[in-house]
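Please read the structure below before turning to the comments.
The values are calculated or read from the model by the stated rules, or taken from the named source; none is laboratory data. Computed from a prediction, not measured in an experiment: that's the story for all the values here. Here Cβ is always computed from backbone atoms with ideal geometry, including for glycine, and neighbour counts include all displayed protein chains.
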Amino acid sequence: MTIAVVIPAYNEAATIAEIVRRTRRRIEWVIVVDDGSGDDTAAQAGAAGAVVLRQPDNQGKGASLWRGMRHAVEQGAEAIITLDADGQHRPEDVPKLLEAHRRWPSRLIIAARLERREAAPRLRRFANGMADFWVSWAAGCPIPDTQSGFRLYPAAFLRRASGPQGGRRGFAFESALLIQASRQGCYPAAVAIETIYPAQGRPSHYRPWRDTLWIVDLVAWSLLKRGLYPLGLLRSLRLLPLPAPGGEVMMKQ
């Protein structure tokens with residue numbers, strides 16, 4: 001099976017080379033999408049062995065992800081793994097996603113930060129919890145850690161998916177993909193990984209209030225179009241079962 005890893009990167013020169021090298025020990029094909037960085041992110045990634053795609057200016061995480069995903073699918077990837085460039089995701093956890101993909105090849109797989117969640121800043125835990133509630137409601141199924149960017153996407157799903165819409169080219173795009181997958185009956189599965197927030201890491205590009213509000217806006221429109229989708233709320237709260245065979249999946253390691 002041909003697997004590609006897509007890493008969106010914006011001013012990540014301090015960490016990108018190490019992340020690329022560690023990732024290539026598991027998956028050789030690594031694509032870094034440089035989102036208009038003002039530093040030498042692109043040069044560092046290329047020197048570490050990544051295929052580098054460069055955005056002409058800073059367009060947001062969603063736009064970078066979509067460009068890398070489309071490139072990988074066009075070049076024959078059968079599944080695409082995404083992870084962040086700042087060290088919050090351990091490339092050593094890639095085998096967990098691959099094992100889950102072997103079990104459920106049609107599902108989107110989330111590496112959910114469920115171990116040592118206390119390591120996350122309190123504001124981030126609150127913002128992520130809010131996003132989990134709203135996105136799960138719109139998706140019509142319970143989804144752990146909807147804001148984890150460490151995922152595996154089947155290429156077959158990405159061929160049917162819609163790209164970033166309007167101003168939703170940032171973090172909201174990843175939430176939109178979860179909703180799209182669920183509405184196609186490809187309910188996301190999850191594997192548990194450790195919560196990592198490097199003590200000396202750069203400030204996250206995720207802005208809890210602004211980006212959470214973008215996600216709520218996305219979800220609000222989605223729910224309004226479906227008459228608030230009360231069935232989805234009940235399923236997201238596990239008060240009703242999912243209609244698809246297998247339903248909710250959480251793989252224990």
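Looking only at helices (runs of 4 or more DSSP H) that fall completely inside region 167-239, which ones have 3 or more residues that are at pLDDT 95 or above?
Values: elements: 172-183, 208-225, 230-236.
Per the criteria, 172-183, 230-236.
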Practice problem: Any chance you could count how many residues in region 92-114 are part of a helix (DSSP H, G or I) and touching a strand residue (DSSP E or B) at 6+ places or on another chain (Cβ under 8 Å)? | Solution: 9
Quiz item: For residue 69, which of the numbered conditions (1) surrounded by fewer than 23 Cβ atoms within 10 Å (Cβ to Cβ); (2) closer than 17 Å to residue 174 by Cα fails to hold?
Solution: (1)
Practice problem: Output the residues belonging to region 43-65 that are surrounded by 23 or more Cβ atoms within 10 Å (Cβ to Cβ), hydrophobic (A, V, I, L, M, F, W, C) and out of contact with any Phe, Trp or Tyr (no Cβ under 7 Å at 6 or more places or on another chain). | Solution: 45, 50
Quiz prompt | Of residues in region 108-126 being among the small types (Gly, Ala, Ser) and over 27 Å from residue 185 (Cα atoms), the one modelled with the highest pLDDT | solution = 120
Quiz item: Which one of the conditions (1) surrounded by fewer than 22 Cβ atoms within 10 Å (Cβ to Cβ); (2) farther than 23 Å from residue 36 by Cβ; (3) touching a helix residue (DSSP H, G or I) at 6+ places or on another chain (Cβ under 9 Å) does residue 165 fail to meet, given that it meets all the rest?
Solution: (2)
Exercise. Please specify each residue of region 115-131 satisfying the condition of being farther than 22 Å from residue 215 by Cα, outside any loop (DSSP other than H, G, I, E, B) and not aliphatic (A, V, I, L, M).
Key: 115, 118
